[in-house]
1. Which peptide among 153-162, 77-86, 130-139, 261-270 comes first, and what is the full order, when sorted by highest mean count of other Cβ atoms within 10 Å?
2. Among 301-309, 64-72, how do they line up from the highest to the lowest mean number of other beta-carbon atoms within 10 Å?
3. Would you mind computing, in nm to one decimal, how far apart the modelled labels at residue 46 and residue 32 are, each placed 7 Å from Cα along Cα→Cβ?
4. What spacing in nm lies between the two simple spin-label points modelled at residue 160 and residue 180, each 7 Å away from Cα in the Cβ direction?
5. Using all C-alpha to C-alpha distances in segment 2-331, build P(r) with 20 Å bins and read off the rounded percent in each one.
6. I'd like the distance separating the alpha-carbon centroids of segment 267-311 and segment 182-245, in whole Å.
7. What is the order of 96, 257, fewest Cβ neighbours within 10 Å to most?
8. At 7 Å along Cα-to-Cβ for each site, give me the label-to-label distance between residue 18 and residue 205 in nm.
């Protein structure tokens, strides 16, 4: 875990250093964000964690199983922490599941909640990323010549396609996995893999059949979780450049964050800073990016271990530092 955190921090610092050099700024200019902007950012971060916990409680209640607030908060914070230290944020869902299982929630319920999080996240991204791409195409030259309309359409269609498969057509995936697991080296995992995919399909369908009010609240919580992060970026940029447009600046935060899922570095560290800087080039850009990453990305490395200390102690193998294997992975 400590090596992963150190690598993430080192890559982030390297990325910020490149941004400073590229834009002709120095470290002193990167410290000019006013304290009130940091204060607003911390309030938004706190509300983000509360919304994340509330969403997990809501998604658990769909199965008529209450989830205590602290367990939900711990699962959400450890998920964000793991996302920050794993390439492509791949560790977010497993970390959340392991946290919930360590807190006494069954692996089946935990993975059901993780699948529902995937679905509502994908729906939000399918609706908003194309808009962000179109906004940036009109306000920056970075995307000019790259057919932003086509890219936006591909993102929209592919995201909705994944959602529909998760809800209605997981049997296609189950059939493919079933055939793959017939190979000699994979037979031992065939039954558990097919059973796990079946649980994913049931989780998606149960979300779709949930009361309309519950579905609406899940989407509202999801929107707040994302928009609060993007709005934090606007706050720190606007504190230095008051005339920046709201939606364009928030779009400049969303696109690199989504793209970071495909970056090879933990949490997109290093590369995300460079992409964000290319989209909001101007005075004190490096200062704004540093403040934003401190209030979002690096804050997760502090909050996650603090809130999730009991889980990290009991399942040290989750981040590769201990001999124990997460039970959630075995039970799923």
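No lab work stands behind these numbers, since they all come straight from the coordinates. Note that this is a predicted model, so its numbers are computed, not measured. Here Cβ is always computed from backbone atoms with ideal geometry, including for glycine, and neighbour counts include all displayed protein chains.
1. 77-86, 261-270, 130-139, 153-162
2. 301-309, 64-72
3. 2.9 nm
4. 2.7 nm
5. 30, 58, 12, 0
6. Cα centroid to Cα centroid, the span is 20 Å.
7. Values: 96 29, 257 24.
Least to most surrounded, the residues fall as 257, 96.
8. Spacing of the two 7 Å Cα→Cβ label points: 4.7 nm.
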